[in-house]
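*Asks:* To start, I am sharing the structure in question, which I have written as structure tokens.
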Amino acid sequence: MSTLTTERLYALLPAVYRLRDVEQGEPLRALLSAFAAELAVLEENIEQLYDDQFIETCADWVAPYIGDLIGYQP
């Protein structure tokens with residue numbers, strides 16, 4: 001779950017920009033929604049990269065890949 005939702009990003013804007021955005025049909029909110037979606041993908045990728053650093057939490061493909069890199073022979 002992403003920590004940067006559209007509503008949270010929108011709330012970070014100064015009130016004057018939010019008011020103008022509402023007057024114009026909320027195009028800024030739509031833009032922030034696209035940003036929030038991409039940030040969620042990025043955050044998920046970073047979490048998986050962190051998990052891949054540990055054998056207990058890594059993805060299934062990581063352990064054999066690292067074993068091959070270091071030359072492990074079963």
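*Asks:* Could you put 54, 35 in order of accessible surface area, largest first, with the 1.4 Å probe and the full protein assembly present?
*Replies:* Sorted descending by solvent-accessible area, the residues read 35, 54.
*Asks:* Got a number for carbon plus sulfur as a percent of the chain's accessible area, 1.4 Å probe?
*Replies:* 62 percent
*Asks:* Counting only helical runs of four or more DSSP H residues, what would the 222 nm mean residue ellipticity of the chain come to if each run contributes -39,500 (n - 2.57) and the total is spread over all its residues?
*Replies:* Estimated from H runs of four or more residues: -21000 deg cm²/dmol.
*Asks:* Explain nothing, just compute: Karplus ³J(HN,Hα) = 6.51 cos²θ - 1.76 cosθ + 1.60, θ = phi - 60°, for every residue of segment 36-41 in order, whole Hz, x for Gly and Pro.
*Replies:* Working through the residues one at a time gives 4, 5, 5, 5, 5, 5 Hz.
*Asks:* Something else now. Tell me, what HN-Hα J-couplings in whole Hz come from the Karplus equation 6.51 cos²θ - 1.76 cosθ + 1.60 at θ = phi - 60° for each residue of segment 50-57, using x for Gly and Pro?
*Replies:* Each residue's phi maps through the Karplus curve to give 5, 4, 5, 7, 10, 4, 5, 10 Hz.
*Asks:* Accessible area per residue, 1.4 Å probe, Å², for the chain: what's the number?
*Replies:* That works out to 82 Å² per residue.
*Asks:* Then there is this: About the Cα centre, and with charges only on the beta carbon of Lys, Arg (+1) and Asp, Glu (-1), how big is the dipole of the chain? Nearest 20 debye, please.
*Replies:* With Lys and Arg at +1 and Asp and Glu at -1, about 460 debye.
*Asks:* Turning to a different aspect of this structure: Just want the answer: with Cβ charges of +1 for Lys and Arg and -1 for Asp and Glu, which residue in 55, 65, 32 is farthest toward the dipole's positive end in the chain?
*Replies:* After comparing all options, I get 32.
*Asks:* Continuing with this model, one more query. Mind giving me the nanometre distance, one decimal, between the label points for residue 59 and residue 73, set 7 Å out from Cα along Cα→Cβ?
*Replies:* 3.0 nm
*Asks:* Take 60, 21, 68 and sort them by solvent-accessible surface of the protein heavy atoms, 1.4 Å probe, largest at the top.
*Replies:* My answer, sorted largest first, is 60, 68, 21.
*Asks:* Students often get this wrong, so try it: which of (1) 1.33; (2) 1.08; (3) 0.99 is Rg/Rh (Cα atoms, Kirkwood Rh) as calculated from the structure shown?
*Replies:* (1)
The values are calculated or read from the model by the stated rules, or taken from the named source; none is laboratory data. This one's a predicted model, so the numbers in the text were calculated from it and none came from an experiment. Virtual Cβ from ideal backbone geometry, glycine too; neighbours counted across all protein chains shown. With ligands, DNA and RNA removed, areas are computed over all heavy atoms of the protein, side chains included. Shrake-Rupley method; radii C 1.70, N 1.55, O 1.52, S 1.80 Å.
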